[in-house]
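Everything on this sheet refers to the single structure shown next.
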Amino acid sequence: MPQAAKPKPIRLVCGLGNPGAEYAHTRHSAGFATVDELAARWGVRYWKEQLGCLVASYDLRLPDGTTRTVLLAKPQSYMNTSGGPLSKLMRAEHITPAELLVIHDEVDLPAGEVRAKWGGGLNAHNGLRSIASKLGTNDFGRIRFGIGRPPGKMSVADWALRQLKGTFAEEFDVTVTIAADTAEKCVKEGISFS
């Protein structure tokens with residue numbers, strides 16, 4: 001069995017979501033919302049369309065005085081095919097899976113909980129499956145953005161794609177802040193994923 005790749009300094013932060021206004025304020029677009037929060041914090045305002053992704057660039061100043069360019073990306077295909085545009089972008093920018101951090105919604109974590117993870121299983125997440133399939137590996141960093149399981153007999157799809165209002169929207173925004181804090185720490189400090 002091949003040795004698992006080890007994380008390297010992050011050069012690409014990819015938020016997962018579905019494009020279009022009807023999905024903008026849904027749990028399924030947690031990755032998009034978190035990447036937008038990072039862009040706002042870093043003063044990034046210019047996004048360009050590149051190989052099926054919206055892409056922005058940020059020059060991160062490192063403690064030794066050097067800089068590392070970090071790309072923010074939001075694949076513009078639907079989530080279950082997001083691996084296609086993301087893998088094309090990574091090839092064009094010469095970014096390896098070990099330099100990738102993916103932010104995604106996670107039903108197996110309680111709402112409001114955020115965890116960083118390196119590699120491992122895909123938890124039946126279609127976006128992660130698509131990415132792993134196109135990259136040929138599960139060895140990439142993830143920020144798991146907890147959305148919890150739906151109440152009663154509601155389907156996971158309905159729960160993830162329902163427009164957020166009121167308290168749900170407020171709680172989601174708090175979790176976006178936590179997820180952005182976690183992503184920023186991963187990018188800046190190169191923390192080890194667990």
Working out 0.36 nm times the residue gap between Ala92 and Leu122, then minus their Cα-Cα distance, what length gain in nm do you get to one decimal?
-> 8.3 nm
About the Cα centre, charge dipole magnitude for the chain (Lys/Arg +1, Asp/Glu -1 at Cβ), debye = 440
The range 70-81 - phi-based ³J(HN,Hα) in whole Hz, Karplus 6.51/-1.76/1.60, Gly and Pro as x = 10, 8, 9, 9, 10, x, 9, 8, 5, 3, 5, 10
Residues Lys153, Lys74, Lys6, Lys117 in order from fewest to most other beta-carbon atoms within 10 Å are Lys153, Lys6, Lys117, Lys74
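To one decimal place, what orientation-averaged projected area in nm² is obtained for the convex hull of the Cα set of the chain?
Spelled out: convex hull of the Cα atoms, projected over all directions, averaged, 11.1 nm².
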For the range 159-168, in residue order, the Karplus 3J(HN,Hα) values (coefficients 6.51, -1.76, 1.60; θ = phi - 60°; whole Hz; Gly and Pro = x) are 5, 6, 9, 6, 5, 8, 9, x, 4, 4
For a footprinting-style exposure proxy, rank Ser57, Ser130, Ser82 by other Cβ within 10 Å, fewest first.
-> Ser57, Ser130, Ser82
The range 97-191, dipole about Cα centre (Lys/Arg Cβ +1, Asp/Glu Cβ -1), debye to the nearest 20 = 320
Which order do Ile178, Ile103 fall in if you start with the one that has the fewest other Cβ atoms within 10 Å?
-> Ile178, Ile103
For Gln50, which sequence-distant residues (separation of 5 or more, or a different chain) have an amide H within less than 5 Å of its own amide H, given hydrogens modelled in the peptide plane?
-> Val55
Rounded to the nearest Å, what's the spacing between the alpha carbon centres of the range 139-194 and the range 1-60? Just the number, please.
-> 13
In the range 12-189, what is the count of Lys pairs whose alpha carbons are under 26 Å apart, counting only pairs at least 8 residues apart or on separate chains?
-> 18
Sorting Leu164, Thr182, Leu54 by the position of each Cα along the dipole of the range 12-189 (Lys, Arg +1; Asp, Glu -1; all at Cβ), the one nearest the positive end of that ordering is Leu54
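Read-outs throughout are calculated quantities, based only on the coordinates presented, and are distinct from any laboratory measurement. Model, not experiment: these values are computed from the prediction. When we count neighbours, we look across all protein chains shown, and the Cβ atoms used for this are built from the backbone with ideal geometry, even at glycine.
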